[in-house]
Amino acid sequence: MDVLQGTHGIRFDGTRFWVLHRRREFGPFDYEWSKDFSGVEFMYRDQKFGEYCSSEEIFADLKQFSLPMRVVEVSCLTIGIILYGILNGLPERHWKELLRERLDESGFQRFRFRDEGQERLTG
């Protein structure tokens, strides 16, 4: 198994992603369209933690999972930018550039990206 060395990162695999924080991996985070395709549900380990219904109606609550605050912040920024990219028809390359900018602006420069199927981030 290939391993990403380091203590912080974000690994993408299709629509899913994992957050590595202090050498510990959290995820997968994911999204899925609601049954009527009018909204998007946010998932953590296949459990719903939030939903986008419209630009005026969005919520997310990861409290039940007792995740570190940095993981909550990075995962919410990530899922928010993915959603923005989907709703605005942005290619993956563009929303990832936007995510990198937002992470850097928010003080999360150490979270590097990795696109690697089933390989884990832990080291």
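See the values below:
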| item | result |
| --- | --- |
| Check on Thr78, closer than 16 Å to Ile10 by Cβ, surrounded by 15 or more Cβ atoms within 10 Å (Cβ to Cβ), modelled with pLDDT under 95 and not aliphatic (A, V, I, L, M) | no |
| Hits in region 56-87 (condition: in contact with a strand residue (DSSP E or B) (Cβ under 8 Å, 6 or more places away or on another chain) and assigned to a loop (DSSP other than H, G, I, E, B)) | Asp61, Leu62, Leu67, Pro68 |
| The listed residue being under 22 Å from Asp115 (Cα atoms), modelled with pLDDT of 95 or more and not β-branched (Val, Ile, Thr), out of Met69, Met43 | Met43 |
| Near pairs, Cβ below 9 angstrom, 6+ apart or cross-chain, from region 101-123 (exposed (fewer than 11 other Cβ atoms within 10 Å of the Cβ)) to any residue that is modelled with pLDDT of 80 or more and not basic (Lys, Arg) | Gly117/Asp13; Gly117/Gly14; Gln118/Asp13 |
| Criterion violated by Gln5 - all others in (1) under 19 Å from Phe113 (Cβ atoms); (2) modelled with pLDDT of 95 or more; (3) part of a loop (DSSP other than H, G, I, E, B) satisfied | (2) |
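Yes/no matrix, rows are residues, columns are (1) surrounded by 11 or more Cβ atoms within 10 Å (Cβ to Cβ); (2) within 16 Å of Leu99 (Cβ to Cβ); (3) over 14 Å from the mean Cα position of the chain (by Cα):
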position: Gly6; (1), (2), (3): yes, no, yes
position: Phe49; (1), (2), (3): yes, no, no
position: Ser54; (1), (2), (3): no, no, yes
position: Ile58; (1), (2), (3): yes, no, yes
position: Phe65; (1), (2), (3): yes, no, yes
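The values are calculated or read from the model by the stated rules, or taken from the named source; none is laboratory data. All values derive from a computational prediction rather than experimental measurement. Methodologically, a virtual Cβ is constructed for each residue, glycine included, from the backbone with ideal geometry; neighbour enumeration extends over all protein chains shown.
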